[in-house]
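I have placed the structure first, in the form of structure tokens, so that the comments after it can refer back to it.
The values are calculated or read from the model by the stated rules, or taken from the named source; none is laboratory data. As the structure is a prediction and not an experimental result, all values here were calculated from the model. Counting neighbours? That spans all protein chains shown, and the Cβs are built from the backbone with ideal geometry, glycine included. SASA here: full protein model, heavy atoms, side chains in, ligands and nucleic acids out. Shrake-Rupley method; radii C 1.70, N 1.55, O 1.52, S 1.80 Å.
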Amino acid sequence: MNDEELIQEIREGSRAAMEVLVKRHYKSIFAYVYRKTGEYHTAYDLTQEVFIKMMNSLDQYRDTGKFSHWLLKIAVNHSTDYFRGRRFKQQHRESELTEEALPASDQHNVWNIFHKRLQNEQVRQAVISLPEHQRDAVILNYYNGLKIREVAELTGTNESTVKSRIRLGISKLREIIVGGERDETYRKQR
């Protein structure tokens with residue numbers, strides 16, 4: 001059964017069709033939200049909220065395009081709303097307080113621990129550090145495999161802007177990751 005057939009069954013009251021549709025798209029939505037937030041539990045909560053929004057908005061879906069893109073658009077908008085909201089700002093303030101509470105010697109140990117992590121963790125952190133518009137473009141294009149045109153549609157920008165954001169985002173990622181390795185090499189030589 002394709003997504004449109006499942007949606008029709010959901011509109012007719014089928015809970016089984018709803019489960020199939022959610023299971024089919026859960027991993028990709030969770031992956032996007034996790035890459036966007038960088039926090040497992042926050043991503044889990046936001047993903048659940050995305051699917052609640054999907055169910056509440058299903059009447060507005062018009063079978064005019066790919067359902068997966070429509071659902072991803074809900075995830076993009078919900079993630080953006082989260083970062084603008086009070087809950088994110090409160091969590092951000094709490095994490096800053098935790099970092100400030102560390103003694104200076106522990107702060108240096110945190111730096112050393114960070115550099116000992118796997119490269120995947122370094123890339124994940126680097127992606128999270130990108131400005132939001134670049135992070136969205138990079139995640140949607142590279143991790144979700146969307147074409148430039150599709151990223152432009154989801155983010156409400158034109159294709160040249162998306163290309164620029166991806167190029168700048170990749171350039172910053174290279175600088176962060178390779179630059180971090182240079183810093184570590186310099187530190188070891190001292």
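Hey, with R₀ at 30 Å, roughly what FRET efficiency would Arg149 and Ser129 work out to, going by the Cβ-Cβ distance, to 0.05?
0.65
Take Arg15 and Asn158, extend 7 Å from each Cα along the Cα→Cβ direction, and tell me the distance between the two endpoints in nm.
5.0 nm
Report the FRET efficiency, 1/(1 + (r/R0)^6), for Ser171 and Ser57, where r is their Cβ-Cβ distance and R0 is 35 Å, rounded to 0.05.
0.45
Might you work out the accessible area of Glu12 for me, using a 1.4 Å probe with all protein chains in place, and round it to the nearest 10 Å²?
140 Å²
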